[in-house]
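**Student:** Starting off with a structure, shown below.
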Amino acid sequence: MSLDHCHLVTLPRVNDARGNLTFIEGGNHVGFDIARVYYLYDVPGGAERGGHAHKELEQLFVAMSGSFDVVLDDGNIRQRFSLNRSYVGLYVPRMVWREIDNFSSGSVCMVLASMPYDEADYHRDYDAFRRAARAEAEPEPAGASVVSLDRAA
Ligand code: TYD
C-alpha cells in the first residue's frame with residue numbers, strides 16, 4: 001500500500017460556547033466499520049510507540065489531547081505527520097509501517113481500528129515488512145499471466 005492512500009481526515013465539529021463536539025461514524029467519516037478503539041496516554045517524555053505495520057488492519061489516529069507525530073513508511077517513502085487537533089484524524093491503511101514519537105506532556109492518542117486485536121496481523125520486523133510491501137507493489141512478471149491463461153484454457 002502506497003503512502004498515497006494515507007490522508008488526513010477533517011472530522012465534523014459542532015462549535016458551542018460550552019465546548020466543541022466532534023463525532024466519528026464508521027463507514028462515513030472513516031471508510032471502515034469500527035471494531036476496536038484503543039488509546040495511548042501517560043506516555044513518558046521521549047518515548048516512542050508503534051514500530052510495526054499491519055497485514056490487514058486499517059486505522060484512524062486522532063490526537064484527543066496534546067500532540068504527537070506519526071511517521072509512516074510504505075517500504076519506499078517515509079513521511080512525518082504532526083497531529084495536534086481533536087477534529088483531525090490520520091487514516092492509515094494496511095501494510096504501512098508506523099512509528100509514533102514526539103508526544104507532548106499529557107497527550108492522548110486515540111486509534112479507531114477495523115479489526116479486533118490480533119498479534120498475527122502484525123509485521124514487527126522492518127526488513128520482513130519491507131520485503132512483503134515491495135513484493136505486493138511489484139507488477140506480476142509477464143510470464144506468470146501467460147502460465148495462468150494456459151491453465152485456464
Ligand atoms: P502495540 O500495538 O505494539 O502498541 P504500540 O503500537 O502503541 O506501541 O501493543 C502493545 C501491547 O498491547 C502488546 O502486548 C499488545 C497489547 N495490545 C492489546 O492487547 N490490545 C490492543 O488492542 C492493542 C493495540 C495492543
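The values are calculated or read from the model by the stated rules, or taken from the named source; none is laboratory data. This one's a predicted model, so the numbers in the text were calculated from it and none came from an experiment. Because the Cβ atoms are built from the backbone with ideal geometry, glycine has one as well, and the counts that use them run over all protein chains shown. Accessible surface areas use protein heavy atoms only, side chains included; no ligands, DNA or RNA. Shrake-Rupley method; radii C 1.70, N 1.55, O 1.52, S 1.80 Å.
**Student:** Report Rg/Rh for the chain, rounded to two decimals, where Rg is the Cα radius of gyration and Rh the Kirkwood radius.
**Tutor:** Result for the chain is an Rg/Rh of 1.07.
**Student:** Taking a 1.4 Å probe, which of His52, His7, His29 shows the most accessible area, and what order do the others take after it?
**Tutor:** Listed by decreasing accessible area, they come as His7, His29, His52.
**Student:** Order Glu99, Glu25, Glu138 by their accessible area, 1.4 angstrom probe, all chains in place, largest first.
**Tutor:** Order by accessible area, largest first: Glu138, Glu25, Glu99.
**Student:** Describe numerically, in nm with one decimal, the distance between label points set 7 Å from Cα along Cα→Cβ at Tyr126 and at Tyr38.
**Tutor:** The modelled label-to-label distance comes out at 2.1 nm.
**Student:** Also: I'd like the accessible area for Arg80, computed on protein heavy atoms only with a 1.4 Å probe and all protein chains in place. Round to 10 Å², please.
**Tutor:** 130 Å²
**Student:** Just to be sure I understand: of the beta bridges DSSP finds with both ends in the chain, what percent are antiparallel, rounded to 5?
**Tutor:** Within the chain, antiparallel bridges account for around 95 percent of the total.
**Student:** Go through Thr10, Thr22 and list them by solvent-accessible area, largest first, probe radius 1.4 Å.
**Tutor:** Thr10, Thr22
**Student:** Taking each pair of different alpha-carbon atoms in segment 6-58 once, compute 1/r for the pair, average those values, and report the inverse of that mean as the Kirkwood hydrodynamic radius in Å to one decimal.
**Tutor:** 14.5 Å
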